[in-house]
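One structure is given below, encoded as structure tokens.
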Amino acid sequence: MTLESTPDSVVSAQSTAPGSEWWRTAVIYQVYPRSFADSTGDGVGDLVGITHRLPALAELGVDAVWLSPFFRSPQKDAGYDVSDYCDVDPLFGTLDDFDTLIETAHSLGLRVIADMVPNHTSDQHEWFQAALASPEGSPERDRYMFREGTGPNGYLPPNNWESVFGGSMWERVTNADGTPGQWFLHIFDKSQPDLNWENPWVREQFRGILRFWLDRGVDGFRVDVAHGMIKQAGLPDYTPPAEGASMGGTGSVDASEFTPLEPGIQDPTAPPEPPYWGQEGVHEIWREWHQVLAEYPGDRVLCAEAWVDPLEKVALWVRPDEMSQAFNFAYMFTDWKAPALRRVIDESLEAFGGVGAPATWVLSNHDVIRHASRLALGADAPPQGAGIGPGSTVKPDRALGLRRARAATSIMLALPGSAYLYQGEELGLPEDIELPDAARQDPTWFRTGGEKYGRDGCRVPIPWEADAPAYGFNATGASWLPQPSDWDGYARDAQEGIVGSTLELYRSALRSRRELNLGGGSVLWLNGYGSSVVAFRNGELTVIANLGPVPVELPVGRVVLASEQIVGGVLPTDTTVWIAPN
Ligand code: NOJ
């Protein structure tokens with residue numbers, strides 16, 4: 001057997017920026033309320049269900065919980081279409097249920113992050129209804145992005161922008177007298193009209209909404225579409241490069257192919273930034289929000305969902321007077337290749353560290369193919385948001401995907417900074433690729449006429465108990481998206497206490513991460529293992545991940561964590577190991 005050689009040198013060191021705030025090193029668990037736990041048995045998860053299951057998250061070892069939107073909403077985009085920002089949707093419970101949830105979470109040592117959706121409201125929001133009922137040019141219309149159409153009688157939309165979910169970004173309204181009227185902008189579904197963030201009234205309303213939830217005790221906000229709220233003046237036409245109309249991301253990135261540029265120098269070959277993403281004006285909003293959070297004690301956090309490239313640009317969202325963290329989508333979409341991973345880790349630590357912010361790491365969320373499936377797809381992965389389903393030509397290999405997912409998570413949780421987990425990944429859940437068409441709910445599916453499956457496959461309610469109705473999601477067996485019949489083996493109770501289960505791997509990784517203060521550490525690259533290996537030290541810990549086919553000889557030491565069984569002192573393919581000194 002040929003073995004990769006052992007390292008001889010430490011080549012570079014990167015650490016995360018210093019600071020004492022809890023979120024700099026936190027592991028944050030995303031709860032998707034519809035699919036986490038359902039106390040009423042109606043098939044949709046709710047706040048009481050979440051509260052009952054919080055002890056399981058405390059025991060898993062995470063620091064905080066991010067709740068996807070639970071506000072009042074017609075649920076056209078699963079709650080990312082808010083009709084009242086200061087109330088809980090009856091589907092999920094009541095404000096009292098929320099108060100109980102947050103009190104319980106805090107008593108368990110878990111922080112709670114709400115999901116704020118400021119780019120757009122629901123079309124059922126009273127502000128939008130008032131805008132529709134008000135004349136052109138009125139203050140009510142100025143809260144949204146209304147424009148005249150082009151062409152004879154304005155029958156064409158104001159520009160050629162395409163919605164992220166497919167089709168035009170513009171919808172025409174009908175006047176009270178039945179004549180066609182103005183058009184309004186919606187980056188997403190037509191039920192999600194974009195607000196006009198140039199309007200001070202809108203800004204003032206949101207400062208009030210933030211205070212409403214901060215007063216109720218939330219520890220911060222994940223901010224939806226934090227790159228989209230200001231549009232380029234004049235709303236110029238834009239033609240995206242092929243497959244560009246995603247939330248800003250692509251299916252996968254091979255960072256090894258990137259040519260580095262000097263900081264601040266634009267890549268002349270890069271496609272132009274769409275005129276609705278990443279405009280300079282958004283930063284003033286984050287400075288205002290920073291000030292609102294600073295009125296409150298206890299290091300409240302703002303996390304940006306900002307789909308912009310490159311990482312240096314993402315870092316602008318987390319300058320000291322703006323937000324605290326931004327999701328690292330470049331990391332999420334990096335190919336399962338060692339050079340690419342090393343590169344993106346370096347670039348992340350440098351970009352975020354350069355502005356004094358912690359790097360963040362994420363592999364899955366409610367918008368992307370679960371990494372236990374995605375990592376088996378490689379270059380065949382569809383563009384972000386397109387999803388996979390029964391008719392897809394590529395099908396991920398479950399065993400390969402899970403093996404790589406476990407190895408990938410074991411790299412991620414050893415990195416300094418803050419990491420995000422998506423519910424169910426601790427169970428090794430794959431994407432549900434067999435969801436029947438009739439069950440689909442994602443607006444992407446409808447707006448593309450079924451051409452793109454969308455994101456439902458990662459949103460199926462998660463399994464808690466192998467032998468219970470709906471795998472313990474509720475007591476009735478109802479489920480808003482049908483659960484696969486072969487998920488019993490993934491259920492939490494089927495993995496508890498089982499050596500080698502994915503649940504136990506996560507528990508153990510989170511425990512060691514905390515004990516060894518990996519979140520507050522640094523990355524020292526270890527050279528000499530060969531190009532298919534990611535090897536670094538974080539403090540006393542040595543982390544080695546073998547992404548290639550050739551087994552790697554392990555150094556002497558105590559194995560703290562292994563994503564697969566280690567036999568004979570060698571690290572097999574698609575496996576990560578954490579080694580401490582004896
Ligand atoms: C990003 C959210 O994560 C996604 O689920 C949603 O559809 C869009 N923003 C629109 O709010």
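The values are calculated or read from the model by the stated rules, or taken from the named source; none is laboratory data. Not measured: the values here are computed from a predicted model. Cβ: placed from backbone, ideal geometry, glycine included. Neighbour counts: every protein chain shown. Each accessible area value is taken on the protein alone, full model and side chains, heavy atoms only, with ligands, DNA and RNA left out. Shrake-Rupley method; radii C 1.70, N 1.55, O 1.52, S 1.80 Å.
Being within 16 Å of the ligand (Cβ to nearest atom), assigned to a loop (DSSP other than H, G, I, E, B) and crowded, with 19+ Cβ neighbours inside 10 Å, is that true of even one residue in the stretch 194-202?
The answer is yes, given that some residue of the stretch 194-202 is within 16 Å of the ligand (Cβ to nearest atom), assigned to a loop (DSSP other than H, G, I, E, B) and crowded, with 19+ Cβ neighbours inside 10 Å.
Is it the case that the stretch 553-569 has a residue that's in a loop (DSSP other than H, G, I, E, B), in contact with a helix residue (DSSP H, G or I) (Cβ under 9 Å, 6 or more places away or on another chain) and either open to solvent by 30 Å² or more (accessible area, probe 1.4 Å) or without any contact (Cβ under 8 Å) to a residue 40 or more places away in the chain (or both)?
Yes, the stretch 553-569 contains at least one residue that is in a loop (DSSP other than H, G, I, E, B), in contact with a helix residue (DSSP H, G or I) (Cβ under 9 Å, 6 or more places away or on another chain) and either open to solvent by 30 Å² or more (accessible area, probe 1.4 Å) or without any contact (Cβ under 8 Å) to a residue 40 or more places away in the chain (or both).
Mind checking which pairs have a first residue in the stretch 528-550 that is over 17 Å from Leu400 (Cβ atoms) and a second that is of a type in the set (D, E, K, R) and at pLDDT 95 or above, Cβ under 6 Å, 6 or more apart or different chains?
Val534/Arg342
Yes or no: the stretch 357-369 includes at least one residue that is within 22 Å of Ala64 (Cα to Cα) and over 16 Å from the mean Cα position of the chain (by Cα).
Taking every residue of the stretch 357-369 in turn, at least one turns out to be within 22 Å of Ala64 (Cα to Cα) and over 16 Å from the mean Cα position of the chain (by Cα).
Got at least one residue in the stretch 374-384 being modelled with pLDDT under 95 and closer than 28 Å to Met116 by Cβ?
Yes, the conditions are met somewhere in the stretch 374-384.
Please pick out the residue among Leu429, Leu415, Leu400 that is within 23 Å of Asp488 (Cα to Cα) and part of a loop (DSSP other than H, G, I, E, B).
None of the others qualify; the one that does is Leu429.
Those residues that are closer than 21 Å to Leu67 by Cα and either touching a strand residue (DSSP E or B) at 6+ places or on another chain (Cβ under 9 Å) or not hydrophobic (A, V, I, L, M, F, W, C) (or both), I need them from the stretch 302-316; list them, please.
Leu302, Cys303, Ala304, Glu305, Ala306, listed by residue number.
Quick check on my filter: what residues within the stretch 72-97 are free of Cβ contacts under 8 Å to residues at least 40 places away in the same chain and within 16 Å of the ligand (Cβ to nearest atom)?
Arg72, Gln75, Asp89
For the stretch 482-513, give me each residue that is surrounded by 15 or more Cβ atoms within 10 Å (Cβ to Cβ), in a helix (DSSP H, G or I) and not aliphatic (A, V, I, L, M).
Within the stretch 482-513, Asp488, Tyr490, Arg492, Asp493, Gln495, Thr502, Glu504, Tyr506, Arg507, Ser508, Ser512, Arg513 qualify.
For residues that are within 16 Å of the ligand (Cβ to nearest atom) and either basic (Lys, Arg) or open to solvent by 60 Å² or more (accessible area, probe 1.4 Å) (or both), tally how many sit in the stretch 215-247.
Residues meeting the conditions: 2.
Within the stretch 124-172, how many residues are open to solvent by 80 Å² or more (accessible area, probe 1.4 Å), closer than 22 Å to Phe206 by Cα and within 16 Å of the ligand (Cβ to nearest atom)?
So the count comes out to 1.
Among (1) within 16 Å of the ligand (Cβ to nearest atom); (2) among the aromatic types (Phe, Trp, Tyr); (3) surrounded by fewer than 23 Cβ atoms within 10 Å (Cβ to Cβ), there is one condition Phe212 misses while meeting the rest; what is its number?
Failed condition: (1).
Taking into account only those residues within the stretch 301-323 that are within 16 Å of the ligand (Cβ to nearest atom) and assigned to a helix (DSSP H, G or I), which is nearest to Val164 (Cα to Cα)?
Residue satisfying both the conditions and the ranking: Val314.
Just one of (1) more than 16 Å from the ligand (Cβ to nearest atom); (2) closer than 27 Å to Leu377 by Cβ; (3) assigned to a helix (DSSP H, G or I) trips up Ala470, so point out which.
(2)
From the set of residues in the stretch 446-462 that are more than 11 Å from the ligand (Cβ to nearest atom) and among the small types (Gly, Ala, Ser), which is surrounded by the fewest Cβ atoms within 10 Å (Cβ to Cβ)?
Gly449
Select from the stretch 370-386 the residues that are at negative phi and part of a loop (DSSP other than H, G, I, E, B) and write down the one among them that is farthest from the ligand (Cβ to nearest atom).
Across the stretch 370-386, the extreme among qualifying residues is Ala381.
The rows are residues; the columns are (1) in contact with a helix residue (DSSP H, G or I) (Cβ under 8 Å, 6 or more places away or on another chain); (2) of a type in the set (Asp, Glu); (3) more than 16 Å from the ligand (Cβ to nearest atom); (4) open to solvent by 10 Å² or more (accessible area, probe 1.4 Å).
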site	(1), (2), (3), (4)
Ala359	yes, no, yes, no
Val368	yes, no, no, no
Ile388	yes, no, yes, no
Ser392	no, no, yes, yes
Pro396	yes, no, yes, yes
Leu402	yes, no, yes, yes
Ala408	yes, no, yes, no
Ala419	yes, no, yes, no
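Could you list all residues from the stretch 452-493 that are over 23 Å from Arg507 (Cα atoms) and either among the hydroxyl-bearing types (Ser, Thr, Tyr) or modelled with pLDDT under 95 (or both)?
Tyr453, Thr476, Ser479, Ser485 - these are the residues of the stretch 452-493 that are over 23 Å from Arg507 (Cα atoms) and either among the hydroxyl-bearing types (Ser, Thr, Tyr) or modelled with pLDDT under 95 (or both).
Taking the condition of being open to solvent by 10 Å² or more (accessible area, probe 1.4 Å), of a type outside the set (D, E, K, R) and more than 19 Å from Ala26 (Cβ to Cβ), how many residues in the stretch 282-293 meet it?
Going through the stretch 282-293 one residue at a time, the tally reaches 1.
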